[in-house]
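Undergrad: Before anything else, here's the structure in question.
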Amino acid sequence: MTAIPMEHGLALAVALFVLGLVGVLARRNIVFMLMSIEIMLNAAGVAFVVAGARWGAADGQVMFFFILATAAAEVAVGLALVLQLYHRFHTVDADAASKMRG
Amino acid sequence: MLKPLLLVPLLPLAGFLLLVLGGRRWPRALVAVIGVGSAGLAALVASVVAGALFYMPEGQPREFTQTLWTWMSVGGFSPRIALHLDALSCVMMLVVAWVGFLILLYSAEFMADDDGYGRFFAYMDLFVASMLVLVLAGDLLLLYLGWEGVGLCSYLLIGFWYRDPANGRAARKAFIVTRVGDAAFAVGLALLFTQLGTSAIPEIAERATAQWAGGSTLATAAAALLLAGAVGKSAQLPLQVWLPDAMAGPTPTSALIHAATMVTAGVYLIARMNVLFALTPAVQLAVAIIGATTLLLASFAALVQTDIKRVLAYSTISQIGYMFLALGVGAWSAAIFHFMTHAFFKSLLFLGAGVVIMALHHEHDMRKMGGLRKELPGTFGAFLIGAASLAALPLVTAGFYSKDLILARVWMAPTGGLWLYLAGLAGALLTAVYAFRMVFLVFFGPLKEKPSRRPGVAIGIPLAVLATLSIVGGLIELPANLGGRPVLSGFLASALPPTAAEAIPAEGWLQAVAGLACIVGVWFAYLYFLRSPMLADRLAASAAGSALRRFWFSGWGFDWAYERLFIRPYVWIARVNKGDFIDAFYAAVAWAGRLAHTLLSQTQTGNVRWYAMGLAIGAVVFIALAVLL
């Protein structure tokens, strides 16, 4: 099994991250925004794993577990927010909740 | 028996505190007992202490210092709360305490119908306490405390009937004008301390002679600043404008504060710091010239006033001018002697005028008075004695001896003696004219209005005592050719530098001239204001006469000039600067802040995706910076 070059892995991470970011910025459906954030988190996780493999250290994989845990927590809070949003505005459009306009 | 000295200022202060706490609720009798009694007790204690000082055994220094505690101690500056009793402060203390007591006794009846009875006695007690602190202070800073204390009481009592805005205005005027002098005094005090390293009065005297050569710049500056303070408090030129207006206060106030005691604080200050003034002949000459000018200007102004209290006010300014004249020629004890006799006869005149004013329903205008001789015989007698003493009627009155002593000493003065003497003599003539103008207008002639009430015992006793003192007060200092009893100057010699000891040449002639001036003045007043009043009217009706009359009536137009020189420009500057142009900078800062706020609040759309965009762009920018730089 030939090692995958680090650049490829990082390029994948960047691609995933940008996809996620564009998703967050472009989608108005808050459920899809949450999913895009998950993708961004996973992009960071890929970057960690790739870096860990490059240096032959387990730290990258350890960090990935942290990210998983963070993502789980984030989803929990995020879904609660989604429910609240729907409860109040009867929509899942994130732009509907813009009462904080200066 | 010197130890109870502390009680002298403390008793009136206690009276003040009691009256401030309970004066509103307590019955009038109790208020009067506390108010008058505390001053009376203080006068008794003062007499005991003074007796102990006077009969001190030979050989011991005739002074006593009671140090209570150190006020503060900051970098070598450690003024002490210390009372210093010597011959000078002893004479002042006795006069202040006794005259204060008599006037308070008078007030107990005079103010009986007033709503602010308790307030009045509280202020008066505070005044007596402050004045006693002033004269007994052994430290210049403590003296300054008393100095400001009497100024405060003066303000409070001039504006005592505060419902009339004019009284408040007069009170503010007095406060602000004396403040000009007080500021100079404070600067002088600071100068003395920084240069001499002490604020204790005896040490200042010692170090000033040791450190400063005669007439050096610093000594001159310090003396001039103290003189400015004295001029403000004693209503001398050019700060005399406040005193005539100060007559807005109740008459006992005018008698105590604006005639007998507070306004002579300047005289006391100069006498107290005599070493400093002796070091600076130029300033001392200025004192004499200020005194001579003031006494002349004020006498002329007193000639034409119609308000009886304003006549007395100008007369006070003029008599303090005599004291300044005496100080200026180095006749220290003569100035204190005149202070004493003036305190007697001027408070007597004010109290007499108070009786007349009260009897005629608060009528101040002398043109509406007349013929009261038969109606108020006791008051007439007292007022006549006071006026005679003020006019220095020869031989029989106290005022004659003190004024004669001043004139004789001025005659002998090495610099400008003749001119100053002539000014003093002219002043004596004018004094006799205006003093007896008052007597003739008020008590002689046809009866114009019947008095509504007669004075009682509490008014009678002070009048009788002060009248007696105005006659016999001169006996403690008789000139050499009339018995020669220099009791007062002998006593004062332990505290003040002795005046040139040589006998006065041609003493009898000087007395004769002064006596003649007085008699001519009285005759003139009789001629113009009693025998043929139309003479005076014709004089006043002529063009020059009426112009002069109006000019003098307004006090030589000082108020007019100050209005244009100081008040109007000040008001103009205030109006120009109403927009606070200095604040423009701060206003601009506030405006920029508000603008930035408006701009930034545009970015707060409340839209989550917009914020995420902001985060993303920010991250990109910072990463780009980190990579590129």
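Every number here is computed from the coordinates shown, using simple stated rules; none is lab data. Keep in mind the model is a prediction, meaning the values are calculated, not measured. Using ideal geometry, Cβ is built from the backbone for each residue, glycine included, and neighbour counts are taken over all protein chains shown.
Undergrad: If a residue must be under 24 Å from B:G386 (Cβ atoms) and not small (G, A, S), how many such residues does the range B:252-296 contain?
TA: 14
Undergrad: Here is a further query. Taking B:S542 and the conditions (1) more than 24 Å from B:L425 (Cα to Cα); (2) among the hydroxyl-bearing types (S, T, Y); (3) crowded, with 16+ Cβ neighbours inside 10 Å, which numbered condition does it fall short on, given that it satisfies the others?
TA: So the condition that B:S542 fails would be (3).
Undergrad: Among the residues of the range B:46-86, write down those that are out of contact with any Gly (no Cβ under 9 Å at 6 or more places or on another chain) and surrounded by 21 or more Cβ atoms within 10 Å (Cβ to Cβ).
TA: Residues satisfying the conditions are B:A46, B:V49, B:A50, B:L53, B:P79, B:D86.
Undergrad: Mind checking which pairs have a first residue in the range B:456-472 that is farther than 17 Å from B:A260 by Cβ and a second that is assigned to a helix (DSSP H, G or I) and charged (D, E, K, R), Cβ under 8 Å, 6 or more apart or different chains?
TA: Correct list of pairs: B:G456/B:E109; B:V457/B:E109; B:A458/B:E109.
Undergrad: Restricting the first residue to the range A:1-27 and requiring it to be within 15 Å of A:L41 (Cβ to Cβ), which pairs with a second residue that is in a helix (DSSP H, G or I) and hydroxyl-bearing (S, T, Y) meet a Cβ separation below 6 Å and a spacing of at least six or different chains?
TA: These pairs meet every condition: A:G20/A:S36; A:G23/A:S36; A:V24/A:S36.
Undergrad: May I pose another question? Six or more apart or on different chains, Cβ under 8 Å: which pairs go from a residue in the range B:542-558 that's part of a helix (DSSP H, G or I) to one that's surrounded by 16 or more Cβ atoms within 10 Å (Cβ to Cβ) and among the aliphatic types (A, V, I, L, M)? Could you list them?
TA: As it stands, the answer is B:R549/B:V304; B:W552/B:A301; B:W552/B:L303; B:W552/B:V304; B:F553/B:A301; B:F553/B:V304; B:F558/B:V241, since those pairs meet every condition given.
Undergrad: Please specify each residue of the range B:67-82 satisfying the condition of being part of a strand (DSSP E or B) and touching a residue at least 40 places away in the same chain (Cβ under 8 Å).
TA: Of the range B:67-82, the ones part of a strand (DSSP E or B) are B:67-70, B:74, B:77, B:80-82.
Passing the criteria: B:T67, B:L68, B:F77, B:R80, B:I81, B:A82.
Undergrad: Now a separate question. State the number of residues belonging to the range B:199-234 that are farther than 30 Å from B:F175 by Cβ and in a helix (DSSP H, G or I).
TA: The initial filter retains those residues of the range B:199-234 that are farther than 30 Å from B:F175 by Cβ, namely B:202-203, B:205-219.
Checking the rest, the ones that are also in a helix (DSSP H, G or I) come to B:202-203, B:205-211, B:217-219.
The number of residues fulfilling the criteria is 12.
Undergrad: Let me ask something else. Taking the options A:F48, A:F66, A:F32, name whichever one is within 16 Å of the chain's Cα centre (by Cα), more than 14 Å from chain B (Cβ to nearest Cβ) and surrounded by fewer than 17 Cβ atoms within 10 Å (Cβ to Cβ).
TA: On the way: A:F48 fails: surrounded by fewer than 17 Cβ atoms within 10 Å (Cβ to Cβ); A:F32 fails: more than 14 Å from chain B (Cβ to nearest Cβ).
The match here is A:F66.
Undergrad: Looking at the range B:40-60, I want the residues that are free of Cβ contacts under 8 Å to residues at least 12 places away in the same chain and have a partner that is in a loop (DSSP other than H, G, I, E, B) with Cβ atoms under 6 Å, at least 6 apart or on another chain. Which pairs are those?
TA: If the second residue must be in a loop (DSSP other than H, G, I, E, B), the pairs left are B:M56/B:R62.
Undergrad: Next question, about the same structure. Could you tell me whether any residue of the range B:610-621 is surrounded by 10 or more Cβ atoms within 10 Å (Cβ to Cβ) and away from chain A (no Cβ under 14 Å)? Before you say what the answer is, go through the steps one by one.
TA: Keep residues of the range B:610-621 that are surrounded by 10 or more Cβ atoms within 10 Å (Cβ to Cβ), which gives B:610-621.
Still in the running and away from chain A (no Cβ under 14 Å): B:621.
Scanning the range B:610-621, I find at least one residue that is surrounded by 10 or more Cβ atoms within 10 Å (Cβ to Cβ) and away from chain A (no Cβ under 14 Å), so the answer is yes.
Undergrad: Looking at A:A71, A:A43, A:A94, which one is surrounded by 14 or more Cβ atoms within 10 Å (Cβ to Cβ), over 26 Å from B:T603 (Cα atoms) and within 14 Å of another protein chain (Cβ to nearest Cβ)?
TA: On the way: A:A71 fails: within 14 Å of another protein chain (Cβ to nearest Cβ); A:A94 fails: over 26 Å from B:T603 (Cα atoms).
Within the list A:A71, A:A43, A:A94, the selection yields A:A43.
Undergrad: Show the residue pairs meeting these rules: Cβ distance below 8 Å; 6+ apart or different chains; first residue within the range B:581-606 and within 14 Å of another protein chain (Cβ to nearest Cβ); second residue assigned to a helix (DSSP H, G or I) and loosely packed, with under 10 Cβ neighbours inside 10 Å.
TA: Note: no pairs meet the criteria.
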